[in-house]
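These notes concern the structure reproduced below.
Derivation of every value follows stated rules applied to the coordinates shown; laboratory data play no part. Treat the numbers as computed from the prediction; the structure is a model and nothing was measured. Positions of Cβ are backbone-derived with ideal geometry, glycine not excepted, and every protein chain shown enters the neighbour counts.
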Amino acid sequence: MVDNQVVRITFGLAIGILVAFFSYQWITDSSRRVERRLEESVVIEVRTMLTETLMLNGLEIVDPLQPNRKAGKVYIYRTESGWQVSGYYRRQEKDPWHPFLMDLDSAVTMTNLRVDDPEMVKRADADASLEVLL
């Protein structure tokens, strides 16, 4: 019979080595860092496009880089045709949060912007890429 203590030590060492190996592989995986940098650059572009499209200065924006649980959840998704970024904005502190969903093509150009903001109805009539949900 094999000594029980030897089996435990051997098993513990084997598990420890496996955990260390897989942890190292996970930490040194550069594809996750590259994807994160790409997502960050997309969100920064979305902020600029949102401000330009809505033609509002001083917007307070909640997006995947600057979340706010009180406003709601925000997401960035890679789609077959590009990206989808959701978030919230408001003009001033007394204004309620208005959700938005922006569709982007693979060149990070806005194809569609959906907002839930009744004040944007007139602007949506002039801009085909802007859709107001009521």
| field | Point-to-point label distance, Glu131-Arg32, nm (Cα→Cβ direction, 7 Å offset) | value | 3.4
| request: At 7 Å along the Cα-to-beta-carbon direction for both Ile15 and Asp116, put a label point, then send me their distance in nm to one decimal. | output: 4.7
| query | Taking +1 at the Cβ of each Lys and Arg and -1 at the Cβ of each Asp and Glu, which of Leu130, Thr53, Ser86 sits farthest along the dipole of region 31-132 towards its positive end, judged by Cα position relative to the Cα centre? | reply | Ser86
| task | Specify which labelled value, from (1) 1.64; (2) 1.54; (3) 1.71, agrees with Cα Rg over 2.2 N^0.38 Å derived from the coordinates of the model shown. | result | (1)
| Pairwise label distance in nanometres, Glu60 with Arg8, each label 7 Å out on the Cα-Cβ vector | 5.8
| query | When Asp103, Asp63 are ordered from fewest to most other Cβ atoms inside 10 Å of their Cβ, what list results? | reply | Asp103, Asp63
| task | Using the number of other C-beta atoms within 10 angstrom as an exposure proxy, rank Glu40, Glu80 with the fewest first. | result | Glu80, Glu40
| Using the 10 angstrom Cβ neighbour count as an exposure proxy, how do Phe100, Phe22 rank, fewest first? | Phe22, Phe100
